[in-house]
């Protein structure tokens, strides 16, 4: 198992840095892989690269994949992202302009909650419209290309598609879905 490049590591670190209280990550690499592979359909995780973000920020490749998806635990939530979504995530975390690309993220175990009005909030506050979404996928990218016609309210129904962080450069489409078959 080897460390991966700094470019991908920088894109991944944003997921690990969200400061919500979470359960401990799996102790063994085998347990970690078993959990991470619940993030997306078997057709995605089977060919994806699986990486582990260590407590010190190091990123280790546990399985080199043949597709462009990377799967990992971000904020202790299993997820799989394509390269454009990784670029978008790095831009969001560093407050940089997002890329003009459409990206895709699987989160079939849901999330731990996030503010729907403040992209950098780390905990629920009375005014930040905290929302928790069950199993979902995310489409990130240029708003005019991906989000026309979807609800843009601060307090949407998380069981239906909605735009998260509406009006910010990091707005993205949340698409609730069924959990991974067999889970």
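The values are calculated or read from the model by the stated rules, or taken from the named source; none is laboratory data. All values derive from a computational prediction rather than experimental measurement. Here Cβ is always computed from backbone atoms with ideal geometry, including for glycine, and neighbour counts include all displayed protein chains.
Conditions tested, residue by residue: (1) modelled with pLDDT of 95 or more; (2) closer than 24 Å to residue 139 by Cα.
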site	(1), (2)
50	yes, yes
54	no, no
66	yes, yes
70	yes, yes
76	no, yes
91	no, yes
field: Flag for residue 33 being assigned to a helix (DSSP H, G or I) and buried (at least 17 other Cβ atoms within 10 Å of the Cβ)
entry: no
- request: Quick one: which strands (runs of 3 or more DSSP E) lie wholly within segment 55-106 and hold at least 2 residues that are touching a helix residue (DSSP H, G or I) at 6+ places or on another chain (Cβ under 9 Å) and more than 23 Å from residue 135 (Cβ to Cβ)?
  value: 59-63
query: Applying the selection to segment 101-117, what residues are more than 13 Å from the chain's Cα centre (by Cα), in contact (Cβ under 8 Å) with a residue 24 or more places away in the chain and under 17 Å from residue 152 (Cα atoms)?
result: 116, 117
query: Of the residues in segment 103-132, how many are modelled with pLDDT of 95 or more and surrounded by fewer than 17 Cβ atoms within 10 Å (Cβ to Cβ)?
result: 0
